[in-house]
Amino acid sequence: MPTGNLQIKNDTYYAVINFKQGDKYKQKWISTKLKTKGNKRKAIEFLNNVIDTYSSIDFKKGIANIKFTDYAKKWLENKKETVEKCTWDGYYNSVEEHIIPYFKDLDLNLKDIKPMHISEYYNHKFRHGRCDNKGGFQCVR
């Protein structure tokens, strides 16, 4: 299980992630791009998201072998304990009802997802996104 902490370098928060890859322990510094003044809460949220992402990757198999839909499910599972229930319910609906059904048939690995796949997903949703299968995203007001 990866661990992490925040470090400050040049008045900017960095997420420092420690993880095991094969037989070696590695450390990765990732800039949050957040200045230290007034951004600690955002930096902690960024760190938790990075740890969630690294928790979802099986470094023995490598990222090449992780299906995008499997990653989405693991991400959702990891988020459950870190956000409020109503937020998680929204994530669950988006992932299970929209993202996974669309991407399941494409059978893509996480490393293979490209901007064009996201654009095609949005175009599909704009054409068939509503429950009545008419175009556009269904909005809740």
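What follows is calculated from the coordinates using simple rules that are stated; it is not laboratory data. As the structure is a prediction and not an experimental result, all values here were calculated from the model. Using ideal geometry, Cβ is built from the backbone for each residue, glycine included, and neighbour counts are taken over all protein chains shown.
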*Which value in nm describes the separation of the simple spin-label points at Met116 and Asn65, placed 7 Å from the Cα toward the beta carbon?*
2.8
*Calculated from DSSP H runs of 4 or more alone, at -39500 (n - 2.57) each and per residue, what is the 222 nm mean residue ellipticity of the chain, nearest 500?*
-12000 deg cm²/dmol
*Under a point spin-label approximation (7 Å from Cα along Cα-to-Cβ), what is the Asn123-Leu6 distance to one decimal in nm?*
4.1
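In what order do Ile51, Ile100 fall by count of nearby beta-carbon atoms within 10 Å, going from fewest to most? Display every interim value, and only then the final one.
On the way: Ile51 21, Ile100 16.
Ranking Ile51, Ile100 by Cβ neighbours within 10 Å, fewest first, gives Ile100, Ile51.
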*How big is region 1-55 in terms of Cα radius of gyration and Dmax, in angstroms?*
11.5, 39
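Report the calculated FRET efficiency for Asp105 and Thr53 (r = Cβ-Cβ distance, R0 = 22 Å), to the nearest 0.05. Each step should come with its number before you reach the end.
Details: r = 24 Å, r/R0 = 1.11.
That pair, Asp105 with Thr53, gives E of 0.35.
What do the square roots of 5 times the Cα gyration tensor eigenvalues come to for the chain, in whole Å, largest first, as semi-axes of the equivalent ellipsoid? Walk me through the intermediate numbers first.
Working: eigenvalues 188, 84, 38 Å².
Over the Cα atoms of the chain, the ellipsoid semi-axes are 31, 20, 14 Å.
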*Quick one: check the C-alpha center-to-center distance for region 2-16 versus region 93-127, whole angstrom.*
32
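Please order Thr87, Thr36 by the number of other Cβ within 10 Å, starting at the fewest. List each step's numbers first, then the result.
Numbers: Thr87 11, Thr36 15.
Ascending number of Cβ neighbours within 10 Å: Thr87, Thr36.
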